[in-house]
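The values are calculated or read from the model by the stated rules, or taken from the named source; none is laboratory data. Just so we're clear, the structure is a prediction, and the values are computed from it rather than from any experiment. Because the Cβ atoms are built from the backbone with ideal geometry, glycine has one as well, and the counts that use them run over all protein chains shown. Calculation scope for accessible area: heavy atoms of the full protein, side chains included, ligands and nucleic acids excluded. Shrake-Rupley method; radii C 1.70, N 1.55, O 1.52, S 1.80 Å.
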Amino acid sequence: MKRVLSGIRATGRLHLGNYLGAVKGMLELQENSDYETFYMVADLHTITVPYEVEVLRKNRREVIIDYLAAGLDPEKSVIFQQANVPEHVELGYLFSSITTIAKMQHLPTFKEKVKQHPEHATMALLNYPVLMAADILIYKAGLVPVGLDQEPHIEVAREIARRMNQDYGTDFPEPKRFATPGQYVPSLTGEGKMSKSVEGSYVNLTDSLEEIKSKIAKIPTDSGKGSEIVGGVKTLMEFVELFEGKEKRSSFEEQYRTSGVRYSEIKEQLSEAIFKELEPIQKRRAELEKDTEYVDRVIREGAEKARKVARETVKEVREKMGLV
Ligand code: AMP
């Protein structure tokens, strides 16, 4: 059976970018019986930028709850916390022996993070894509449901797989990204992508209807009429398509070019549509928050299942690399 791996860092509540770009793809593949799905909380990736210990301790559990609330099912997927499977780190180290520093320094994600945290250009940050390759290849996963921003990292994983297979005779697949319609969710500011690190750019999965309305209301717009759809108006149209369908978007765009549109109505309807999708997730989340024992069990059993597979791969790689 083909395997799938994905993960989200433990940086707080999930936002619509994580949900549409990653979680929706994770759900789709979970429901496809051709695939065996492994979904982790990428807590080891979280410590590549400055963080607070107690906040991380809380968030690595919160993401598990978000996963379960969104519909990930421990009966169908292996749901786990990355740090509970230390074999990822070992395989990452072995992979680092065939990865050059120059290659890692040139990745756009590395440069971006160094710009954000110039005092924190650490080895862990440089090693991020190598550990991510280990996350994927330790399960021999061929498919990775993640957003568009992760494409350069998937390319690194493919290169590492090829190199390992050539040099040591392993049988790693060359993983591909599984893209969803929301593979690039724009920022509510009208510039760049939705991101936890940009205040005012995101809607959280836990936001109330009032919060969603107030955030959507802030998407910058114009007079409502014109020939070219750009900036915040384009962002608004993309959200309309993602939550209300292509036809609705086309119809608003047609109106924009002819009679003009009323943003207050579009934003009101869009906010309702977003909340309609999030409300059941929020209800399940409230139940899960009360069920500590269940969440603990999911975490414990997920780690056991993941480790079983991870151990096998590391054993094989150790043997092939002359370490046994
Ligand atoms: P991160 O929070 O960086 O660990 O990202 C977790 C997942 O969410 C990754 O698969 C990202 O590609 C995805 N993601 C984050 N932001 C966005 C966005 N604005 N649009 C689409 N996917 C996103």
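What's the carbon and sulfur percent of the range 209-286's accessible surface, probe 1.4 angstrom, rounded to a whole number? Don't skip to the answer; put the middle values down first.
Details: 2080 of 4270 Å².
The computed percentage sits at 49.
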Study note, to complete from the structure: The extension gain from GLU54 to ARG297, computed as 0.36 nm times the residue separation minus the Cα-Cα distance, is 85.3 nm
Check your understanding: Given TYR93, ILE136, LEU323, which one lies farthest toward the positive end of the charge dipole of the chain, if we put +1 on the Cβ of every Lys and Arg and -1 on the Cβ of every Asp and Glu?
Key -> LEU323
Study note, to complete from the structure: Burial-style ranking of 12-23, 95-106, 155-166, average other-beta-carbon count within 10 Å with highest first, yields 12-23, 155-166, 95-106
Review point. Cα centroid distance between the range 70-106 and the range 1-69, in Å?
Key: 12
Point to revise | Rounded to whole Hz, the Karplus (6.51, -1.76, 1.60) HN-Hα couplings of the range 266-277, x for glycine and proline | key: 4, 5, 5, 5, 5, 4, 4, 5, 5, 4, 4, 6
Check your understanding: Projected onto the charge dipole of the chain (+1 at Lys/Arg Cβ, -1 at Asp/Glu Cβ, origin at the Cα centre), which of ILE79, THR206, PHE243 gives the Cα projection farthest towards the positive end?
Key -> ILE79
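How far, in nm, would the chain grow between GLU279 and LYS308 when pulled straight, counting 0.36 nm per residue and subtracting the alpha carbon separation? Don't jump to the answer; show the numbers that get you there.
Numbers: separation 29, 0.36 × 29 = 10.44 nm, distance 3.60 nm.
My answer for the length gained is 6.8 nm.
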Check your understanding: For helix 87-96, what angle does its Cα long axis make with the longest principal axis of the chain, in degrees from 0 to 90 and rounded to 10?
Key -> 80
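Apply 1/(1 + (r/R0)^6) to the Cβ-Cβ distance of THR100 and SER259, taking R0 = 45 Å, and write down the FRET efficiency to the nearest 0.05.
On the way: r = 58 Å, r/R0 = 1.28.
For R0 = 45 Å, the calculated efficiency reads 0.20.
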Review point. Across every pair of different alpha-carbon atoms, what Kirkwood hydrodynamic radius in Å does the range 209-286 reach?
Key: 13.0
Review point. Does anyone have the angle between helix 231-244 and the longest principal axis of the chain? Alpha-carbon axes, 0 to 90°, nearest 10?
Key: 80
Review point. If you place +1 on the Cβ of every Lys and Arg and -1 on the Cβ of every Asp and Glu, how big does the dipole about the Cα centre of the range 209-286 come out, in debye to the nearest 20?
Key: 200
**Study point:** Those aspartates and glutamates that a straight Cα-Cα span of less than 14 Å connects to LYS234, excepting residues fewer than 8 apart in one chain
**Key:** GLU191, ASP222, GLU253, GLU254
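With a 1.4 Å probe and every protein chain kept in, tell me what percent of the accessible surface of the range 104-155 is carbon plus sulfur. Don't skip to the end; give the middle numbers.
Values: 1390 of 2260 Å².
Accessible surface attributable to carbon and sulfur in the range 104-155 totals 62 percent.
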Check your understanding: With a sphere of radius 12 Å drawn around the Cβ of GLU151, what net charge do the other residues whose Cβ falls strictly inside it have (Lys, Arg +1; Asp, Glu -1)?
Key -> +1
**Study point:** Whole-number accessible area per residue in Å² for the chain, which is evaluated in the context of all protein chains at 1.4 Å
**Key:** 48
Practice item. Would you work out the relative contact order for the chain, in percent, from Cα pairs under 8 angstrom that are 6 or more residues apart? Key: 23
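Taking the Cα centre of the chain as the origin, how large is its charge dipole in debye, to the nearest 20, when only Lys and Arg (+1) and Asp and Glu (-1) carry charge on their Cβ atoms?
Working: 47 positive and 51 negative charges, 104 e Å.
In debye, rounded to 20, the chain gives about 500.
Beta carbons within 10 angstrom, averaged per residue: use that to sort the peptides 216-223, 3-10, highest first. Mind showing how you got there, number by number?
Details: 216-223: 15.2, 3-10: 24.2.
Taking the mean over residues of other Cβ atoms within 10 Å, the ranking is 3-10, 216-223.
Give me the dipole magnitude in Debye, nearest 20, for the range 1-146 about the Cα centre, with unit charges on the beta carbon: positive for Lys and Arg, negative for Asp and Glu. Can you show the working numbers first?
Details: 15 positive and 16 negative charges, 76 e Å.
Rounded to the nearest 20 debye, it is 360 debye.
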Practice item. Rank SER264, PHE252, ILE47 by how far each Cα sits towards the positive end of the charge dipole of the chain (+1 on Lys, Arg Cβ; -1 on Asp, Glu Cβ) and give me just the farthest. Key: ILE47
Check your understanding: Using only the Cα atoms, what convex hull volume per residue in Å³ does the chain have?
Key -> 142
Check your understanding: On full extension of the chain, what length is gained from GLN116 through VAL324, given 0.36 nm per residue of separation minus the C-alpha to C-alpha distance?
Key -> 70.7 nm
Exercise for review: Would you mind checking which residues have amide H under 5 Å from PHE178's amide H? H placed 1.01 Å from N; only 5 or more apart, or other chain.
Suggested key: VAL144, VAL146
